[in-house]
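A short write-up of the structure that comes next.
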Amino acid sequence: GGALGILIPPSVTFLIYGSLTETSVSQLFMAGIVAGLACLLMFMIYVIVRVVIDPSLAPVKGKKASVKEKLYALKGMFPFVFLIVVILGGIYLGITTPTEAASISVVLAVILSAIFGNLTWNNFITSCLEAVKSCCMIFFIVIGAKFFTYIITMAGISRGITTAFAALNPSPLGFFLFLIVIYLILGCLMDGTSIVYLTIPVLFPLVGIAGFDPLWFGVVLVILVEVAMLTPPVGMNLFVLHGITKGTATFKDIVMGCLPYILMYSLMLVLLWFFPEIATWLPNTMA
């Protein structure tokens with residue numbers, strides 16, 4: 001689930017990819033929805049099957065909640081769902097740009113916080129500081145990536161690689177498999193954000209030559225980055241999970257537990273190859 005968050009918008013990885021390749025961030029957000037929900041469905045089915053086979057994997061049964069209690073518990077989800085609908089709905093319908101949708105959602109978040117009684121001065125200051133930290137991080141990543149892209153271009157590296165690639169004339173499937181191998185290797189050594197801004201300036205020109213849709217490739221890239229977050233020895237999510245367990249699970253147990261999800265991500269890549277409309281259909285219906 002932690003890895004899946006960057007595929008279902010809003011997504012910083014899509015934002016960085018769109019900035020580097022001058023691809024519409026709005027369309028990238030839409031491209032990730034169907035693929036993200038498909039991955040979510042696969043994860044849910046897997047969990048249900050595992051629990052049916054071995055009920056001991058699930059939490060111990062307690063008091064059964066009534067329908068009224070379940071509906072009351074869902075109340076806490078309303079602000080989150082409402083903001084997501086406003087952001088993605090406005091972008092999809094062409095009413096707002098991503099920047100405008102973000103601005104509107106900030107105002108709505110403040111109003112919802114006041115309605116639900118969470119708007120205090122300390123919370124407001126903390127939210128502002130966290131927003132500044134996140135923006136600074138993203139801006140410096142994008143600035144660094146832009147500099148790197150400029151240097152790669154001016155040095156003629158991207159042009160040389162493009163020429164060499166065109167001379168080899170590989171098949172689209174061969175290039176697709178090559179990309180998967182490259183990102184899997186890098187995922188074992190680097191974090192996802194570093195992989196994106198290190199490889200995109202070099203590889204993106206080849207994407208056009210191979211005839212790949214930039215939106216489709218963006219979704220494929222994000223899925224590969226998600227896999228990178230789960231592959232040892234530098235899988236960020238593995239370390240987070242190990243820290244959360246506080247020694248109750250070994251690092252090996254966590255890695256083995258993530259393997260089925262890596263396989264399901266791989267299945268999603270196969271589906272995207274045979275059915276690219278998974279990524280391109282929703283953006284093509286945008287207003």
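Full extension of the chain segment joining Ser66 with Phe78 gains 2.4 nm, where the gain is 0.36 nm per residue of separation less the Cα-Cα distance. Computed over the alpha-carbon pairs of the range 187-287, the distance histogram in 10 Å steps reads 14, 37, 31, 14, 4, 0 percent, short to long.
Could you please state how large a percent of the accessible area of the range 1-139 is carbon and sulfur, counting protein chains only and using a 1.4 Å probe?
On the way: 6620 of 8980 Å².
Ligands and nucleic acids excluded, carbon and sulfur give 74 percent.
Of all lysines in the structure, those lying under 28 Å Cα to Cα from Lys75, and not within fewer than 8 positions of it along the same chain, are Lys61, Lys63, Lys64.
Its alpha carbons considered, the range 34-107 gives a radius of gyration followed by a Dmax of 18.1, 49 Å.
Keeping all protein chains in place, calculate the accessible area per residue for the chain (probe 1.4 angstrom), answer in Å². Can you show the working numbers first?
Details: 16600 Å² over 287 residues.
Per-residue accessible area for the chain comes out at 58 Å².
The convex hull of the Cα atoms of the range 94-183, projected and averaged over all directions, covers 10.3 nm².
The tail of the calculated P(r) for the chain, taken as Cα-Cα distances beyond 27 Å, holds 50 percent of the pairs. Taking a straight Cα-Cα cut-off under 22 Å and skipping sequence neighbours fewer than 8 places away in the same chain, the lysines within cross-link reach of Lys146 are Lys133.
The values are calculated or read from the model by the stated rules, or taken from the named source; none is laboratory data. Note that the coordinates shown come from a computational prediction; the quantities given were computed from them, not determined experimentally. For accessibility, only protein heavy atoms count, side chains too; no ligands or nucleic acids. Shrake-Rupley method; radii C 1.70, N 1.55, O 1.52, S 1.80 Å.
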